[in-house]
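Q: One structure coming up, written as structure tokens, with questions to follow.
Nothing in this text is a laboratory measurement; each read-out follows from the coordinates by a stated rule. Every value quoted in this text rests on a predicted model; they were computed, and no experiment measured them. Every residue, glycine among them, receives a Cβ derived from its backbone with ideal geometry; neighbour counts consider all protein chains shown.
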Ligand code: SF4
């Protein structure tokens, strides 16, 4: 898939409490998650972000809690791709499971407001504002199969077709 | 010659149909216990219902623990808890606990013998890694993962590399498992063990109990780790033998197993630690923390890290006959109902109340900034919990300092961050 949009840039160690604070976890509805996404890191993020925009961050993005509300909140904002130097483990797997694209790349040269064109199939990140191209690390084959199946539930549905407990 | 395996590799291997595995492999592993709570399980239940499978894989191997927002903090959280309850009733889930018999999930499951050595446990909660203390492979996953595990009793896992962490020597007085793990995270950083298994060993652990191991494994995720495991021994056996209602297996790493890193520390030189805002890796010695004269507004003693009876005994030992500082709050939260009851019988609750504390029924509550103990703007707390991220306990301008229960109790008395020796 190819996505084009502008960059919202964050630093290192953006934790899941920053992505979606626990005080809003009494409602897993998309509207609620969208409204409060990134609130503690960037107060009016959700009102400025648009369909196809990117979250670009430093190291250890998504550290902390296992709350799947975090990648779901990001997706609810219209962001399809997060690019960071590294990701915390559970956030990483949650994102693949729910079909949010996660790219591992050196984000040093990408700045707030840059216009990017990202190809999630080959990991090519074109920075249209700066005329540069960087390449994201490749992902394991199983994980791309997972995203292509529509995430883990899509994968599960296929499996359920050939499987039953009774 | 067959590859030498770590305890983690062995447990995972024995939960697959494979004959060999190595770090980096993605495998489908059988799950002994799949856990969810009142925040994560509602999403899992919703997803489970879309898969097209009617029955859960095994009603005895699922644990549902409403603990984050119970007793229900508001209408929305009541609805989430209701989703759990109705699912538990519909599928006759054996390990479902209403709040009057429950407590914080990671204190409850070991206490009830639901998780055992050699198990492979997945939980939709990052601190599922706590059960590594028992010699189980246990890791946090997401809600969608949990839905998948509910349906099929298995889950995809990447076999992690392991870091061996050896602590030798007798710890100083007031130094607990909490201090060793804060010290370690201070050394390797919050990303220091990302995607890896931490494997703890060494003579130090003969001097510490199961509560210390549970606190250490609990915070493995704070270094990014997938799991934090101890090789089971007599202390493990002592803890599980009276609780287990099924068989369990002690696994051990092979001599010559491969590690990504081996780290060795002399526990005898480590002092109580305080982790400064806003990351668990910002740990410093208590002497340094105390010298900074950091005033506090609130102290929290509880959580899946340090809400066990051993922790409450230590805190009560310091608070006995004393009062907390004026214009500050102390919130004590026994992690489970059984711990609450023990604390009551031992007279600890009275000690806390006499000191001016409020004692809550078991819940996560303020640990995640959920309810009951939320910080206002600019307020500062010292807490026996595990995370001090920005805004974790309340307003985004509030601050959380992490420490062991002894340091928390002493700080509550002086109204500033202080070590136990300063009040005794
Ligand atoms: S006590 Fe805190 S860390 Fe433990 S499960 Fe509850 S919210 Fe999570």
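Q: Once each part is reduced to its C-alpha centroid, what is the distance from segment A:24-62 to segment A:143-160 in angstrom?
A: Answer, in whole Å: 25.
Q: Okay, moving on. 222 nm [θ] for the protein assembly as shown, helices only, -39500 (n - 2.57) per DSSP H run of 4+, per residue, to 500?
A: Mean residue ellipticity at 222 nm (helix-derived): -8500 deg cm²/dmol.
Q: Let me ask something else about it. Assuming a ≥ b ≥ c are the square roots of the Cα gyration tensor eigenvalues, decide whether segment A:2-162 counts as rounded (a/c under 1.5), prolate (otherwise, with a/b larger than b/c) or oblate.
A: Because a/c hits 1.5 or more and a/b fails to exceed b/c, segment A:2-162 counts as oblate.
Q: Then there's this: Please check: in the Gaussian network model of chain B (C-alpha springs, under 10 Å), which one of B:293, B:14, B:404 has the largest mean-square fluctuation.
A: Of B:293, B:14, B:404, the most mobile in the Gaussian network model is B:293.
Q: Round to the nearest 10 and give me the degree value, 0 to 90, for the angle of helix B:143-152's Cα axis relative to the longest principal axis of chain B.
A: Between the helix axis and the principal axis of chain B, the angle is about 40 degrees.
Q: Report, as an integer, the average count of C-beta atoms from other chains found within 10 Å of each Cβ along B:189-200.
A: 3
Q: Looking at the square roots a ≥ b ≥ c of the eigenvalues of the Cα gyration tensor of segment A:48-91, which shape do they give, rounded for a/c under 1.5, prolate if a/b is larger than b/c, or oblate?
A: Because a/c hits 1.5 or more and a/b fails to exceed b/c, segment A:48-91 counts as oblate.
Q: Just order B:269-277, B:164-172, B:119-127 by mean Cβ neighbour count inside 10 Å, highest at the front, would you?
A: The packing order, highest mean first, is B:119-127, B:269-277, B:164-172.
Q: So in chain A, what percent of DSSP beta bridges are antiparallel if you round to the nearest 5?
A: Restricted to chain A, the bridges split so that about 50 percent are antiparallel.
Q: Right, next: Alpha carbon centre of segment A:80-123 versus segment B:69-86: separation in Å?
A: About 34 Å separates the Cα centre of segment A:80-123 from the one of segment B:69-86.
Q: Same structure again: Count, for each residue of B:152-165, the Cβ atoms from other chains sitting within 10 Å of its Cβ, then give me the mean as a whole number.
A: 2
Q: Could I ask something else about it? For a protection proxy built on the mean count of beta-carbon atoms within 10 angstrom, sort B:211-222, B:147-158, B:83-94 highest first, please.
A: Sorting B:211-222, B:147-158, B:83-94 by mean packing, highest first, produces B:211-222, B:147-158, B:83-94.
Q: For the protein assembly as shown, what does the alpha-carbon gyration tensor say about shape, rounded, prolate or oblate, given a ≥ b ≥ c as the root eigenvalues, a/c under 1.5 as rounded, and a/b over b/c as prolate?
A: rounded
Q: Right, another one. Across the residues of B:399-407, average count of Cβ atoms on other protein chains within 10 Å?
A: Mean partner-chain Cβ count within 10 Å for B:399-407: 0.
Q: Using a basic spin-label model with each label point 7 Å from the Cα along Cα→Cβ, how many nm lie between residue B:76 and residue B:3?
A: With each label placed 7 Å out from Cα toward Cβ, I get 4.6 nm.
Q: Only Cα pairs under 8 Å and at least 6 apart count here; give the relative contact order of segment B:102-250 as a rounded whole percent.
A: After rounding, I find 31 percent.
Q: Further, regarding this structure: Percent antiparallel among DSSP beta bridges with both residues in segment A:49-130, to the nearest 5?
A: 30
Q: Related question: So for segment A:2-162, averaging the separation of alpha carbon pairs under 8 Å that are six or more residues apart and normalising by length, what relative contact order in percent results?
A: 23
Q: Turning to a different aspect of this structure: Of all beta bridges DSSP finds with both residues in chain B, what is the antiparallel percent, to the nearest 5?
A: DSSP beta bridges in chain B are roughly 20 percent antiparallel.
Q: Could you state the number of Å between the C-alpha centres of segment B:314-392 and segment B:149-191?
A: Value for the Cα centre distance between the two parts: 25 Å.
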